[in-house]
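Please treat every number below as a calculation from the coordinates, not as lab data. These numbers were taken from a predicted model, which means no experiment stands behind them. Note that we place each Cβ from the backbone using ideal geometry, even for glycine, and neighbour counts take in every protein chain shown.
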Amino acid sequence: MPLQPVSLSGLFGGFFSIGLSGFGGVLPWARRMIVEQRRWLTGAEFTDLLALCQFLPGPNTVNLSVALGARFHGARGAVLAFLGLMAAPMAIVIGLGVVYGRFAGVPAVQHGFQGLAAAASGLVIATALKIAAPLRRDPPGLAVAALAFLAIAVLRLPLLPALVVLVPASVLLAAARRRR
């Protein structure tokens, strides 16, 4: 399936829809829109760009919007993608903050927020599985991912020391694989 061209209005509109759709965690919506719906990137390109954006300071999806906007339309694209992503959530958060401040003690509101947290957790897990899908055919990459999970989630090692070990190992494995 060929990749689609990306316009400035498409960048703003696409990231605006992500901001509206993915309140509470937009990575699942970002991947769906960018890879599956608009076909701006392949699944592997998305995973590579996301990996780069995770090393940058700030929220991953915000970094992704800026990087993708810049990739297709330079500084203007980066600004429009960022504004598209942030406009709706900022308005929603301000509105919800006002409502929550007034009705926080109501049990139905408390249960509603607990349900939202559970749904967001499920979306994060589903997206992680989709992002990891290209690793099925990459045993060394799968091993590095498993080691990262073990180090951070199971052993609760700090992220920075784990990355100091795993990033060079991953780079060496990728270089060895390319030489074959």
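On a 0 to 90 degree scale, rounded to 10, what angle separates helix 159-179 from the longest Cα axis of the chain? Helix 159-179 and the main axis of the chain meet at about 50 degrees. With each label modelled as a point 7 angstrom along the Cα→C-beta vector, the Ala108-Arg156 pair spans 3.9 nm. For the chain, the longest principal axis of the Cα atoms and the long axis of helix 8-21 meet at an angle of about 70 degrees. Each eigenvalue of the Cα gyration tensor of the range 138-180, multiplied by 5 and square-rooted, gives one semi-axis; in descending order these are 22, 11, 4 Å. Axis angle, to the nearest 10 degrees, between helix 60-103 and the longest C-alpha principal axis of the chain: 40 degrees. Shape verdict for the range 73-157, please, from the Cα gyration tensor: rounded (a/c under 1.5), prolate (a/b greater than b/c) or oblate. Oblate shape, in that a/c is at least 1.5 and b/c is the bigger or equal ratio.
If you work out Rg/Rh (Cα atoms, Kirkwood Rh) from the coordinates, which of (i) 0.98; (ii) 1.36; (iii) 1.02 do you get? Of the labelled values, this structure produces (iii). Rounded to the nearest 20 debye, the dipole size of the range 8-136 about its Cα centre is 140 debye, using +1 on the Cβ of Lys and Arg and -1 on the Cβ of Asp and Glu.
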